[in-house]
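Q: Below: one structure in C-alpha cells.
Just so you know, all these numbers are worked out from the coordinates, no wet-lab data involved. Note that the structure is a prediction, hence the values are computed from the model and not measured. Note that each Cβ is placed from the backbone with ideal geometry, even for glycine, and that neighbours are counted across all protein chains shown.
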Amino acid sequence: MEKVVSGIRPTGNLHLGNYFGAVRSFVKMQDEYNCMFFIADWHSLTTHPKPENIQSSARTILAEYLACGIDPEKAPIYVQSDVRETIELYLYLNMNMYLGELERVTTFKEKARQQPDNVNAGLLTYPTLMAADILQHRANKVPVGKDQEQNMEMARKCARRFNNIYGVEFFPEPENFYFADKAVKIPGLDGSGKMGKSTGNCIYLRDDDKTIRKKVMRAVTDNGPEAMNSPRPEVIENLFTFLKIVSAPDVYSYFDEKWNDCTLRYGDLKKQIAEDLCALVAPIRERIEEYSANTELLDRIAARGAEVARASAAATVDEVRRIIGFRR
Ligand code: TYM
C-alpha cells in the first residue's frame, strides 16, 4: 500500500488554513493509505529557538488532530523529536544539497527578511529536514497546502539526487496530495494574502462562534460590484474562496449570481460564511476540549506513534547506511 506522511509545526493552534490545506486530507487519506502524521517540533526551532513549552504545544496539536478525525489506530501520530533517526538521514541528505539552491527557496528568503538577526542554518536547511521527515518512511504521497509546493520540490530533488549519486532506486519521489486534486491556499480575511500564524489573521479551530462571526464580519471588502459580470477584486474573491470551501454548491451559485447582477450585499455573504463555518468548527472545538483534558491518552498515542515511526525510520536509515557504505 502506498505510504503517506505529513506534519504541522506546533507554533500555535490549528487554523482554517491548516485544516483545509492539510488536516482534512489526512482524515480522508487514513482509510485508503498507510498513513503517519506528526508534529514538527524541530522545525519550529527555526523560528522559535526558545519555545515556551514545547511539549504542551505538541499535545495541543495532537488533541486537534484527533478532534478533526484522525484515528491513531489507522494513522499513527508522533512527535518529530521522538524519532532521532530523522537526524541521521537529515545529515546524509544535507551532504547532497547545495547552498545556492537552498538560498533560493522563497520561504527561506521570506524568513531571512522577517528575522534578520536569526538567519540560522536550520532555516537554510529547513527543506532538507522536511525531506528527511518524508523520505525516512519512503513515503509516496504528502498532503500539504499550496505554500509547501517548493519544499516538496526540494524533497523530490533530495530523493532523486540520492538515487543518482549512489546508483540506486531507493527513495520514491514523493508527490503532493490535494484534497480535491487542486492545491489549496486559504486567504487571510484582512486582505493580506494567506491565512497564517505569523500574520495574526487566523480563524482557529478553537475559536468560539462569537469570535468566528466577529472575524468574518470584519473581513476587508470594497464598495461593491460596479458592473454586471465583472471580475472580482482579490479581497472579494477571498470571501468566495471561503464560500466555495464551506458552503453548499447551490449557496455558492446563489451568491455568485448576486455578484454578477450587482445585487450582492457583502453583509449577507459574510453572514452565510460565518454560519457555515460555525457549523463546521463547533463539533471540532468540542472534541478539542475533550481530548485536551486527557493528557494521559495523548501521551499514550504519541508514545505508540513514536514506536511505529521509529521502526519505519530505522529500517530506512539502516539501508541508507548500507548504500553509502557505513557499518550497519
Ligand atoms: P505549517 O506548519 O506551516 O502548515 C501545516 C500545513 O498547513 C498548510 N497551510 C495552509 N494551507 C492552505 N492555506 C493556508 N493559508 C495554509 N496555512 C498552512 C501547509 O501547507 C501545511 O501543509 N513545513 C511544514 C511542516 C512539515 C512538513 C514536513 C509537512 C515539516 N515536515 C513533512 C509535510 C511533510 C510547515 O511548515 O507547515
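Q: Limiting things to C-alpha atoms, what are the Rg and the maximum Cα-Cα separation (Dmax) for segment 62-183, in angstroms?
A: Considering segment 62-183 through its Cα atoms, Rg and Dmax are 15.5, 44 Å.
Q: Convex hull volume of the Cα atoms in segment 228-328, per residue, in Å³?
A: On the way: hull volume 19.4 nm³, N = 101.
For segment 228-328, the hull spanned by Cα atoms encloses 192 Å³ per residue.
Q: Next up: In whole Å and largest first, what semi-axes does the C-alpha gyration tensor of segment 171-268 yield when each eigenvalue is scaled by 5 and square-rooted?
A: Gyration-tensor ellipsoid for segment 171-268: 26, 19, 13 Å.
Q: In nanometres, what is the gap between the two model label sites at residue 258 and residue 232, each 7 Å from Cα along Cα-to-Cβ?
A: 1.2
Q: Please give the peptides 13-22, 261-270 ranked by average Cβ packing (other Cβ atoms within 10 Å per residue), highest first, as a rough proxy for protection.
A: 13-22, 261-270
Q: List the lysines whose Cα sits under 21 Å from the Cα of residue 244, skipping any in the same chain fewer than 8 residues away.
A: 28, 146, 182, 185, 194, 214, 215, 258, 270, 271
Q: Separate question: To the nearest 10 degrees, how steep is helix 234-246 against the longest Cα principal axis of the chain, on a 0 to 90 scale?
A: The answer is roughly 80 degrees.
Q: Taking all pairs of distinct Cα atoms, average 1/r, flip it, and tell me the Kirkwood hydrodynamic radius of the chain in Å to one decimal place.
A: Radius from the Kirkwood sum: 21.1 Å.
Q: Each label point is 7 Å from the Cα along the Cα-to-Cβ direction; what then is the distance between the points at residue 180 and residue 50, in nm?
A: Those two pseudo-labels are separated by 4.5 nm.
Q: Separate question: Report, in whole Å, the centroid distance computed from the Cα atoms of segment 257-328 and segment 149-222.
A: Cα centres, segment 257-328 to segment 149-222: 12 Å.
Q: Turning to a different aspect of this structure: Given a Förster distance of 35 Å, report the FRET efficiency between residue 218 and residue 106 from their Cβ-Cβ distance, rounded to the nearest 0.05.
A: On the way: r = 29 Å, r/R0 = 0.83.
The calculated FRET efficiency here is 0.75.
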